[in-house]
1. Exactly one of these conditions fails for Val186: (1) under 24 Å from Val286 (Cα atoms); (2) part of a loop (DSSP other than H, G, I, E, B). Give me its number.
2. Any residue in the stretch 265-294 that's under 15 Å from Leu192 (Cα atoms) and open to solvent by 30 Å² or more (accessible area, probe 1.4 Å): show its pairings with residues that are assigned to a strand (DSSP E or B) and modelled with pLDDT of 95 or more at Cβ separation under 6 Å, as long as the two are six or more apart or on different chains.
3. Identify, by number, the condition in (1) open to solvent by 50 Å² or more (accessible area, probe 1.4 Å); (2) at positive phi that Asp165 doesn't meet.
4. Quick one: in the stretch 324-363, which of the residues that are of a type in the set (Lys, Arg) and touching an Asp or Glu at 6+ places or on another chain (Cβ under 8 Å) is surrounded by the fewest Cβ atoms within 10 Å (Cβ to Cβ)?
5. Does Pro183 fit the bill of being surrounded by fewer than 20 Cβ atoms within 10 Å (Cβ to Cβ), in contact with a helix residue (DSSP H, G or I) (Cβ under 9 Å, 6 or more places away or on another chain) and not acidic (Asp, Glu)?
6. Does the stretch 252-274 contain at least one residue that is under 30 Å from Phe372 (Cα atoms), outside any strand (DSSP E or B), assigned by TED's automatic domain parsing to the domain that holds Met135 and at pLDDT below 90?
7. Can you tell me how many residues in the stretch 1-48 are hydroxyl-bearing (Ser, Thr, Tyr) and at pLDDT 95 or above?
8. Kindly indicate the residue of the stretch 79-104 that is aliphatic (A, V, I, L, M) and modelled with pLDDT of 95 or more and also farthest from the chain's Cα centre (by Cα) among those meeting that condition.
Amino acid sequence: MRISPALLQRTAKMIDKYALYVPKEGVFPKNFKVASIASGVKKNDALDLGVIVNTNKSRLSSAAAVFTTNKFKAAPVLTSKQVLDATRGKGINAIVVNSGCANSVTGDIGNADAQEMVSLVNSHMGGTPNSTLVMSTGVIGQRLQLDKITNGINKVFNDNKFGDDFQSWLNIAKSICTTDTFPKIVTSKFSLPDGKQYTLTGMAKGAGMICPNMATLLGYIVTDLPIESKTLQKMLTYATNRSFNCISVDGDMSTNDTICMIANGAIETEEITEASSAYAQVQEQVTGFAQQLAQLVVRDGEGSTKFVTVNVRNSLTFKDAKIIAESISNSMLVKTALYGQDANWGRILCAIGYAKLGNVKSLDETKINVSFVATDNSEPHELKLVVNGVPQLDIDEARASELLALNDLEVLVDLGTGTETAQFWTCDLTHEYVTINGDYRS
């Protein structure tokens, strides 16, 4: 069999990214276990079903989630929202996830299938209703092969396939992949003033249809720190607005986007609330952690060769800074220029100018500065393209080519009108992106 050069090139990129971004070990929160299985929904016996369970019985868990704002919300999104509304985020002890089928735009049958997945996990967990969240990812508009999914769930529980070791966590990260070239998993430990150590573990999937506004990506984070449910929701929303809502691969928002978090309180300590002295520190930990996870999604952008940080600073408001950063990140012309290593700063300025149709109060055309910033510690560190609204006529094109040849790029925009800052993370747009998405279903 003849293997095409394009396939060989894509395989090489997959190997490179896997080696760069997939850890070989990790730390995991107390009293969480995970399992994954090849249910048969995907071809070639690939993992396509995963379950996370909280085994801590000494304390009521807290859960929170942020969902896609797409009008066509998938059945698992609607089902999980119902579970959270019914419980107010308390007592949720499991997440079940499948890949290979999004169960989206499938009507009442799809809703019933999502609820069946939840009910089946609930029955294996002791029969408590509304204690499981559900996620699905894959092709939109196709019905779940529910017999394979339910057989998989039963097998996972009946054969006790759960574990808490690194390989078990890595496998569940693999089980949610679709066009991803590597599983995305991040783990970390942190300490609070009480002297105790707590753990965060997170997984995500996504490589295309990425321009969330929670908002095709899925992610879940678990911790053994006790956090009150309303506080957890506020923290996750804040973190998402500065992480998963600040990434773009192609400007498309999925019907299934979901980020959820469970805090099981397995480490005995005082529950974190908004009034807690450690609240700000925990929020900072969760936000930084979510940013790490979100950036992995961009690094795996379909067909991408560049990881791009768009840094907007000195804005009147965070909202304005984010709007401008997002506009640059979503510009097809900016993304293709970066792929071609073309220092076409006019496209950046154009994207800034039409951000939210120009209705950005922080923008003063006479104060704006735009630069490329070196990410490899080389000098000069900053290459100025526009200074106080005036284009630089003597731009060092050789230096620009050096910076744009790097795998990691930074675009710096200084609005000069305030003190607020926002960051967005994006990637370039390549021929390979078209190849992948031109035959996604085949």
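The values are calculated or read from the model by the stated rules, or taken from the named source; none is laboratory data. Please read all numbers here as calculations on a predicted model, not as lab measurements. Cβ: placed from backbone, ideal geometry, glycine included. Neighbour counts: every protein chain shown. Only protein heavy atoms, including side chains, enter the accessible area calculation; ligands, DNA and RNA are left aside. Shrake-Rupley method; radii C 1.70, N 1.55, O 1.52, S 1.80 Å.
1. Result: Val186 passes all but (2).
2. Ile267/Tyr198; Gln285/Phe190
3. (2)
4. Quick first cut of the stretch 324-363, residues of a type in the set (Lys, Arg) only: 335, 347, 356, 361.
With touching an Asp or Glu at 6+ places or on another chain (Cβ under 8 Å) added as a condition, the list becomes 335, 361.
On the way: Lys335: 27, Lys361: 12.
So the residue we want is Lys361.
5. Working: surrounded by fewer than 20 Cβ atoms within 10 Å (Cβ to Cβ): no; in contact with a helix residue (DSSP H, G or I) (Cβ under 9 Å, 6 or more places away or on another chain): yes; not acidic (Asp, Glu): yes.
So Pro183 does not fit the description; no.
6. At the first step, the residues of the stretch 252-274 found to be under 30 Å from Phe372 (Cα atoms) are 252-253.
Next, only the ones that are outside any strand (DSSP E or B) stay: 252-253.
Cutting the leftovers down to assigned by TED's automatic domain parsing to the domain that holds Met135 gives us 252-253.
From what's left, at pLDDT below 90: 252-253.
There is at least one residue in the stretch 252-274 that is under 30 Å from Phe372 (Cα atoms), outside any strand (DSSP E or B), assigned by TED's automatic domain parsing to the domain that holds Met135 and at pLDDT below 90.
7. First pass over the stretch 1-48, keeping only residues hydroxyl-bearing (Ser, Thr, Tyr): 4, 11, 18, 21, 36, 39.
From what's left, at pLDDT 95 or above: 36, 39.
Here the count works out to 2.
8. Step by step, filter the stretch 79-104, then rank; the result is Ala86.
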